[in-house]
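The structure under discussion appears below in the form of structure tokens.
The values are calculated or read from the model by the stated rules, or taken from the named source; none is laboratory data. Bear in mind the structure is a predicted one, so any value in this text is a computation, not a measurement. Positions of Cβ are backbone-derived with ideal geometry, glycine not excepted, and every protein chain shown enters the neighbour counts. Keep in mind that these areas ignore ligands, DNA and RNA; they rest on the heavy atoms of the full protein, side chains included. Shrake-Rupley method; radii C 1.70, N 1.55, O 1.52, S 1.80 Å.
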Amino acid sequence: MSRSRINRVVVTPVAFADPPLLNVVGVHQPWALRAIVELHTDSGLLGLGETYADEMHLARLGAVAAALPGQDPYDLNGLRRLVTDVLGRETGGAGASFGGMLDVSSAVDTVLSPFEVACLDIVGRECGRPVSDLLGGAVRDRVPFSGYLFYKWAGHPGHPDDEWGAALDPDGVVAQAERMVAGWGFGSLKLKGGVLHPDEECAAIEALRAAYPDLPLRLDPNGAWTPETSVSVASRLAGVVEYLEDPTPGIEGMAYVAARTDVPLATNMCVIAFEHLAPAVAADAVQIVLSDHHLWGGLRRSALLGGITETFGMGLSMHSNSHLGVSLAAMVQLAAATPNLTYACDTHYPWKSQDVIAPGVLSFSDGAVGVPTGPGLGVDLDRDQLGVLHEQYLTCGVRRREDTVYMRSIEPSFTPNTARW
Ligand code: GKR
Ligand code: MG
């Protein structure tokens with residue numbers, strides 16, 4: 001019987017270079033931020049987690065980290081109580097906002113997530129089993145991902161062009177898809193929309209269809225369209241896309257669209273917490289929910305979400321933000337143990353060129369990542385790289401994700417495009 005206890009917690013903010021990827025609220029800054037969480041035990045084990053690193057989130061992680069020594073890594077219900085108590089004291093239970101797109105009324109689940117993942121990593125390492133076994137057992141040994149295409153500039157203004165080049169029209173999007181498919185073998189493609197007029201984004205999807213007659217395609221404008229525009233896009237792209245993701249904001253708007261099209265609607269914006277599930281089901285607003293363990297409170301609560309979507313006959317996919325290898329390992333372990341994962345997962349992984357994990361465990365072939373079978377998450381930190389990325393954090397000057405602020409520094413008249421068209 002284990003008696004190990006957490007005795008040291010380290011939260012390291014890191015920054016990694018990010019291309020100018022465009023979206024409804026602006027453009028990615030030159031540096032993306034993440035926090036790497038290390039939980040050490042008195043028995044010499046180390047568990048890893050990864051999460052957002054906006055300043056306010058870091059302060060909350062720090063408050064929880066200070067309260068963790070003495071905690072039993074097996075007591076995940078106790079961990080949630082601890083996070084709830086600490087945040088109640090520190091913030092009065094306030095919510096959290098990430099990237100100008102995702103707002104949750106309570107920060108508990110987002111703060112809990114990296115600690116829960118790290119505890120599961122410890123437990124898996126202690127009993128010599130992968131985290132997928134702790135989540136009920138792997139039902140697949142490879143997890144399929146979808147190639148994530150973005151409109152983008154050739155490079156950050158004032159800097160040389162990056163290796164991807166520009167993608168601002170259908171030809172540019174198809175060229176980007178060719179690079180994604182050739183490099184990673186993706187068997188489905190998602191285009192981040194909400195950047196150009198919907199007619200131009202439909203034309204890009206149609207160009208992808210012509211280039212890849214057999215690949216499932218998705219379009220996600222992050223709520224940039226009115227309900228009426230969404231209905232007409234759905235009619236144009238019926239039979240072309242496997243789903244439309246968040247065409248319009250809110251459960252009510254999505255329900256209006258869903259009632260007028262057979263194209264399945266997916267969301268990672270109007271159902272992002274358990275409290276949103278009942279109203280979304282009642283309104284028949286969405287057919288597919290994108291899970292995200294960073295937002296939903298870790299791996300076990302994401303597995304619970306999978307059970308709820310299955311109960312209500314909804315599909316399940318997985319959402320992504322710019323991330324590193326600790327998150328990818330957690331996403332893969334979760335997806336491996338999710339029986340009703342009905343769609344390939346999203347990932348921003350191809351867009352980054354640095355990582356904090358030792359190479360060799362996670363690799364893409366045919367658009368899928370093999371599920372690590374070693375103990376815990378199956379990945380180890382590369383301490384030299386962690387140091388490099390932390391140094392980048394210290395010197396880069398970015399302290400929170402601010403796509404709109406950065407875009408306005410380049411195009412002062414820019415306004416976020418939510419329900420604009
Ligand atoms: O990275 O710009 C981005 C995405 O737009 C991201 O912020 C979204 O949260 O990928 C996400 C989505 O599916 O909505
Ligand atoms: Mg989305």
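Annotations
- Normalised by 2.2 N^0.38 Å, where N is the number of residues, the alpha-carbon radius of gyration of the stretch 357-413 equals 1.73.
- GNM result for the chain, Cα springs below 10 Å: residue of Met407, Met254, Met318 fluctuating most strongly: Met407
- Note on surface exposure: Leu46, Leu389 rank Leu46, Leu389 by accessible area, highest first, 1.4 Å probe.
- Per-q log10 I(q)/I(0), the stretch 56-166, q = 0.15, 0.17 Å⁻¹ (Debye; single scatterer per alpha-carbon; no solvent): -0.86, -0.93
- When the alpha carbon coordinates of the stretch 51-120 are projected onto the principal axes, the ranges are 35, 23, 18 Å, largest first.
- Computed over the Cα atoms of the chain, pair by distinct pair, the Kirkwood hydrodynamic radius stands at 21.6 angstrom.
- Folded to 0 to 90 degrees: helix 227-237 orientation relative to the chain principal axis, Cα: 80
- Surface composition of the chain: carbon plus sulfur atoms hold 51% of the accessible area, using a 1.4 angstrom probe and ignoring ligands, DNA and RNA.
- The gain in end-to-end length when the Asp366 to Thr311 segment is fully stretched comes to 16.7 nm, 0.36 nm per residue minus the alpha carbon separation.
- Acute angle (nearest 10 degrees) that the helix 198-211 long axis makes with the longest principal axis of the chain, alpha-carbon atoms: 80
- Per residue, the chain reaches -11500 deg cm²/dmol at 222 nm when only DSSP H runs of four or more residues are counted, each adding -39500 (n - 2.57).
- For His57, solvent-accessible area (1.4 Å; no DNA, RNA or ligand), Å²: 10
- Max mean-square fluctuation residue, GNM over the chain, Cα-Cα springs under 10 Å, options Asp214, Asp54, Asp121: Asp214
- Seen against the Cα atoms of the chain and their longest principal axis, helix 299-311 is set at about 50 degrees.
- Distant alpha-carbon pairs in the stretch 136-370 (separation over 30 angstrom), percent: 23
- The residues neighbouring Val86, those whose beta-carbon lies less than 13 Å from its own, together hold a net charge of +2 under the Lys/Arg +1, Asp/Glu -1 convention.
- Percent of beta bridges antiparallel (DSSP, the stretch 136-370, rounded to nearest 5): 25
- Residue-normalised accessible area of the chain, given per residue in Å² at a 1.4 Å probe: 37
- DSSP beta bridges in the chain [antiparallel fraction, %, rounded to 5]: 60
- Debye equation applied to the C-alpha atoms of the stretch 1-134, log10 I(q)/I(0) at 0.12, 0.20, 0.21 Å⁻¹: -0.50, -1.14, -1.21
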